Amino acid sequence: MSEQSWSAETPLSEVAVSPSNAPLTEANPAGGGSLILVATPIGNLGDISARAIEALRNVEAILCEDTRVTAKLLTAHGITTPTYTLHDHNEAEKIPFLLEKLHAGARFAVVSDAGTPLVSDPGFRLVRAAIDAHIPVSTTPGPNAVITALTLSGLPPHPFTFLGFPPPKSEARTSTFSALRAAEQAGLRSTLIWYEAPHRLLASLADLISVFGPEREAAVGRELTKRFEEMVRGSLQSVHEHFLEHAPRGEITLLIGPASETDTGAADLGTLLREALQQHSVKDAASLVAGMVKLPKRTVYSRALELSREG
């Protein structure tokens, strides 16, 4: 298999277009090519489907989030189809070129590093452009971390809402969580799901506690389908305490259950701390507010420290 980058000399411009005879893609009545979205394993290489393998072997090129990651999967299954990068930083730029090749009859597969393409990964803009250009788009469905975590969590599976990654900064993250809390108070009853980076998991859990309360049901899936798979279930507080003792590593999926009919949520921790910090030290403000909201002192102190650094 070959790894290629996008350049004026890229071999992709010389891809030989063969007649579309693969049964996996919808026939293009205009005689052009087609785009197929191929789900790949989220951890265990054995989870790829026979249809996905067939698709990857029968296209002219595979568009990858990271060709180095995809190379491991292709090597494991003896797939030698050329690979090219398609990521957030070059997708928009390459769409006209790709559409030209698709109109000429090329068949391309789109994969992300793991799981189903477009779910918090590149590819959406290309798919929209292909649909608008009347180019057939099809898929080989398969692994997805959102669904895997949901089914393992023990939380209500319907309805659920997937929200991508939370904002990386605490203030924006808390604002986002507060908007969801307001939606709950207006009647939303849904299991909420995010992806999260391991180095931000504790901060996100602390912000969730401050908005939804320490007793809200929660679960964190880590390294799903891999050797060190872990699903931690419990209240937000107990899950937070678990990861205080065991540093989170690997791919993370974070879930909280829907609000109960009697759930009143947590006090606005950020507002209370900002007011307290105007007159008290970080330690004293945290101690004072912890008693008011009945949250763990460690959680409140951590949030107070963040707010003091923000100024």
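Give me the pairs, please: first residue somewhere in the range 58-69 and within 15 Å of Ser138 (Cβ to Cβ), second residue anywhere and buried (at least 18 other Cβ atoms within 10 Å of the Cβ) and of a type in the set (Lys, Arg), beta-carbon distance under 7 Å, and either six or more positions apart or on two chains.
So the pair list comes out as Val59/Arg107.
Yes or no, residue by residue, for (1) open to solvent by 40 Å² or more (accessible area, probe 1.4 Å); (2) modelled with pLDDT of 85 or more; (3) not in a loop (DSSP other than H, G, I, E, B):
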position: Thr264; (1), (2), (3): yes, no, no
position: Thr271; (1), (2), (3): yes, no, yes
position: Arg274; (1), (2), (3): yes, no, yes
position: Ser287; (1), (2), (3): yes, yes, yes
position: Leu295; (1), (2), (3): no, no, no
position: Arg298; (1), (2), (3): yes, no, yes
position: Tyr301; (1), (2), (3): yes, yes, yes
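Find the helices (runs of 4 or more DSSP H) located wholly in the range 118-232 whose residues include 1 or more that are over 22 Å from Phe243 (Cα atoms) and of a type in the set (Lys, Arg), and list them.
Ranges flagged: 124-132, 170-185.
In this structure, does Leu205 turn out to be closer than 27 Å to Tyr301 by Cβ, crowded, with 21+ Cβ neighbours inside 10 Å and touching a residue at least 24 places away in the same chain (Cβ under 8 Å)?
Values: closer than 27 Å to Tyr301 by Cβ: yes; crowded, with 21+ Cβ neighbours inside 10 Å: yes; touching a residue at least 24 places away in the same chain (Cβ under 8 Å): yes.
Against the criterion (closer than 27 Å to Tyr301 by Cβ, crowded, with 21+ Cβ neighbours inside 10 Å and touching a residue at least 24 places away in the same chain (Cβ under 8 Å)), Leu205 qualifies.
Within the range 146-163, which residues are open to solvent by less than 20 Å² (accessible area, probe 1.4 Å) and under 17 Å from Glu223 (Cα atoms)?
Here is the first cut: in the range 146-163, the residues open to solvent by less than 20 Å² (accessible area, probe 1.4 Å) are 146, 149-150, 153, 155.
Selection gives Val146, Ala149, Leu150, Ser153.
Yes/no per residue for (1) of a type outside the set (Ser, Thr, Tyr); (2) open to solvent by 40 Å² or more (accessible area, probe 1.4 Å); (3) under 27 Å from Tyr84 (Cα atoms):
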position: Arg125; (1), (2), (3): yes, yes, yes
position: Pro143; (1), (2), (3): yes, no, yes
position: Gln185; (1), (2), (3): yes, yes, no
position: Leu188; (1), (2), (3): yes, yes, no
position: Ala197; (1), (2), (3): yes, no, yes
position: Ala219; (1), (2), (3): yes, no, no
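Would you mind stating whether Ser260 is in a loop (DSSP other than H, G, I, E, B), hydroxyl-bearing (Ser, Thr, Tyr), modelled with pLDDT under 95 and more than 22 Å from Gly164 (Cβ to Cβ)? Spell out the reasoning first.
Working: in a loop (DSSP other than H, G, I, E, B): yes; hydroxyl-bearing (Ser, Thr, Tyr): yes; modelled with pLDDT under 95: yes; more than 22 Å from Gly164 (Cβ to Cβ): yes.
So Ser260 passes the test.
I'm told Val232 meets every condition in (1) more than 23 Å from Glu171 (Cβ to Cβ); (2) buried (at least 20 other Cβ atoms within 10 Å of the Cβ) except one. Can you identify the failing condition by its number?
It fails just one condition, (2).
Report whether or not His77 is on the phi < 0 side of the Ramachandran plot, of a type outside the set (A, V, I, L, M), under 26 Å from the mean Cα position of the chain (by Cα) and surrounded by fewer than 16 Cβ atoms within 10 Å (Cβ to Cβ).
Yes; evaluated as a whole, the condition is true for this residue.
With respect to Phe212, determine if the residue is over 23 Å from Leu118 (Cα atoms), surrounded by 14 or more Cβ atoms within 10 Å (Cβ to Cβ) and aromatic (Phe, Trp, Tyr).
Numbers: over 23 Å from Leu118 (Cα atoms): yes; surrounded by 14 or more Cβ atoms within 10 Å (Cβ to Cβ): yes; aromatic (Phe, Trp, Tyr): yes.
Answer is yes for this residue.
Ala183: without any contact (Cβ under 8 Å) to a residue 40 or more places away in the chain and either farther than 15 Å from Leu63 by Cα or aromatic (Phe, Trp, Tyr) (or both), yes or no? Working first, answer last.
Details: without any contact (Cβ under 8 Å) to a residue 40 or more places away in the chain: yes; either farther than 15 Å from Leu63 by Cα or aromatic (Phe, Trp, Tyr) (or both): yes.
In short, yes.
The values are calculated or read from the model by the stated rules, or taken from the named source; none is laboratory data. Predicted, not measured: the structure shown is a model, and the values here were computed from it. FYI the Cβ positions are ideal-geometry reconstructions off the backbone, even for glycines, and counts take in every protein chain you see. Areas reflect the complete protein model, heavy atoms only, side chains present, ligands, DNA and RNA absent. Shrake-Rupley method; radii C 1.70, N 1.55, O 1.52, S 1.80 Å.
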